[in-house]
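All of the numbers you see were taken from the coordinates with simple rules; none came from a lab. Just so we're clear, the structure is a prediction, and the values are computed from it rather than from any experiment. Heads up, the Cβs are rebuilt from the backbone with ideal geometry, glycines too, and the neighbour counts pull from every protein chain shown.
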Amino acid sequence: MMCPRCESEQAYKIFEAPEDPKLWEVFRCPRCNFSWRSTEEESITDPKQYSPKFKLTEKQIQELAPKPPIPPLRNGKRG
Amino acid sequence: MPFDSIRAFLEKAETEGQLVRIKEEVRLEPDIRTIACAATKMPGGPVVLFEKVRGYRDKQVVMNVHGSFQNHALMLDLPKETGLKAQFHELSKRWDRYPVPPVRVADAPCKEVVVDRDPSLFRELPLFRVNPMDGGFYLSKACVVSRDPETGEDQNVGMYRIQVKDHDRLGIQAAAQHDIAVHFRKAEELNIPLRIAIALSNDPVTTLVASTPLTYAQDEYSMMGAIRGEPTKIIASERDGLDVPAGAEVIIEGEIIPRHRSVEGPFAEYPGYYSTCMIQAEVKVDCITRRRDPIIFENLYTGRPWNEIDYMMALNTSLAPFKQMKPDFPEIEAINAMYCHGYGTIISSKMRFGGFGKTLALRLLTTPHGINYPKLIIVVDEDIDPFDLAQVMWAINVRFRPERDLVIIPNAPGSTVDPAHLVRGITTKVIIDATKPAFPDIPLADASIVDIPPDTPSWMEELEKRRKNPA
């Protein structure tokens, strides 16, 4: 399954409607943490229609800033 | 009567005509966001209870609990038509009763069901995407409890955006200026997990105080008691004994993983823009306790202002700097920090001497909330109601002299989600001193204000009576 946002092929189903699995399924992408429901608009579920402005590449992910910044370890602590 | 759970408040809202039940089945997307947006854009918008969501037999969703000043007044147990300035001063009076410490209870509905093996947030909650380009399903109105990991003290209750990434995995925004970041920083320095408890679907005062910028040392539960008018009931969380609101529908427990960040966002934030993606901290969930079904899941619609988040963070955001400045400057009449969480803040005060307006504006910028959020600070005299923008605009138009009264402070700390910034977290502050010249400044010799006739307010009441009941 391709992630609509980062186009990783590693996305997979994590859940389906408790009332009836046919109603909807939820998927997640382990690379960019995007998740979506099968019944959302195609502009959300279809990689081809997902807004280019919100797409996320591996390179962009590598360059994201950490929030909050990770502080130095105190003396004697191991990372 | 103060409300000790969201259910008690829903009863009150229904009695007062401020609750709409949606009985037909709704889709989690896009129906809930659309109807929640409609409710908050209406004048006097009601609370909306979704009784049946597609895919879950036993879950309900409630939106717009704080989403109008009528709902805000009901939360404070005031008549729903109570005006803004009156609500501000009532809240101010109750704030002064602080501290009203909480009482501990041994049992509460939020412990009826304990899920401590393989917890699944998707199974327990009817999660949904709040805005279309959000990076996932968010808990946008959750109260997060944490303590200093070294001392076990300085408990904090705060509201931080939380992305549900997997059954037992959350992303959490612990921005450096927030109290939880103090706890988290220590935990990361020591390379130990920070235990937290997340309370969902709380009575509205609990949520209000969790989203109020109190000082680090102030205890949120003791402030909730002060605002509510009776002690808040708390119960020890299942795993860690953190104090959680007994009236909550659901408690999630877990730990923030030290020295780890992962992709989070974007999320539609209070300025009405999506935040950027960032790599943020993550929580491993290991226990969920809750009421028996049907639980009511409360979430927050955020989007283009005005909407529920603006109502929720209006008077509390205004009151915090008011209380922090008032001891030094008793002349201050009121503060309005309602716009974009205080990006725009209006201070109304008597003037001690010429130039005093600038003193007040600069003091605002050293309060906890004032450091980052305000970037447009308007100072007006005490005869201007800062909650009445027509009056504020009048003051700017007739009292502001740009060559003397405009102050610009570049390269100052700013909000990290302000879309106008070139560098996230750095802003330019602007002070507009729209006060009359006070001695030793030079008053304009020919400036004479027209007074309104003294009996005008009583005649306004009289005319209103006669309009409602013509003789």
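Points to keep in mind about this one:
- Interchain or long-range residues, amide H under 5 Å from B:GLY355's placed H: B:ALA438
- Anchor A:LYS13: lysines whose Cα lies under 27 Å away (excluding residues fewer than 8 positions away in-chain): A:LYS22, A:LYS48, A:LYS53, A:LYS55, A:LYS59, B:LYS52, B:LYS59, B:LYS141, B:LYS165, B:LYS284
- Other protein chain C-beta atoms within 10 Å of residue C-beta, averaged over B:53-64: 3.
- Estimated FRET transfer efficiency when R0 is 30 angstrom, pair B:ASP58-B:ALA106 (beta carbons, to 0.05): 0.65
- Comparing mean-square fluctuations of A:PRO47, A:PRO30, A:PRO21 from a GNM of chain A with C-alpha springs under 10 Å, the top value falls on A:PRO21.
- For the residues of B:120-131, the average number of beta carbons from a partner chain within 10 Å of their own beta carbon is 2.
- For the residues of A:25-33, the average number of beta carbons from a partner chain within 10 Å of their own beta carbon is 5.
- Sum of side-chain charges, B:LEU214 neighbourhood, beta-carbon under 11 Å (Lys, Arg +1; Asp, Glu -1): -2
- Highest-MSF residue in chain A out of A:LYS67, A:LYS53, A:LYS13 [GNM, Cα springs under 10 Å]: A:LYS67
- With a Förster radius of 25 Å applied to the C-beta separation of B:THR151 and B:ILE371, the computed FRET efficiency comes to 0.50.
- FRET efficiency estimate (nearest 0.05) - Cβ-Cβ, B:GLU51 to A:LEU23, R0 22 angstrom: 0.80
- Mean projected area in nm² (Cα convex hull; one quarter of hull surface) for chain A: 7.9 nm²
- For region B:122-147 versus region B:173-220, the inter-centroid distance based on Cα atoms is 16 Å.
- Region B:351-448, Cα convex hull volume normalised per residue, Å³: 117 Å³
- With the highest mean first, a sort of the peptides B:289-297, B:112-120 on other beta-carbon atoms found within 10 angstrom per residue produces B:289-297, B:112-120.
- Backbone phi angles across region B:371-382, fed through the Karplus curve with coefficients 6.51, -1.76 and 1.60 (θ = phi - 60°), yield HN-Hα couplings of 4, 9, 7, x, 10, 10, 10, 10, 10, 10, 6, 6 Hz in residue order; Gly and Pro are listed as x.
- Among B:189-200, B:72-83, B:156-167, the peptide with the highest mean count of other Cβ atoms within 10 Å heads the list, and the full ranking is B:156-167, B:189-200, B:72-83.
- Label zone at B:ARG401 (point 7 Å along Cα-to-Cβ), backbone N below 20 Å, region B:430-450: B:431-450
- No disulfide-compatible partner, judged by a Cβ distance under 4.7 Å, exists for the following cysteines of the protein assembly as shown: B:CYS37, B:CYS110, B:CYS143, B:CYS277, B:CYS287, B:CYS340.
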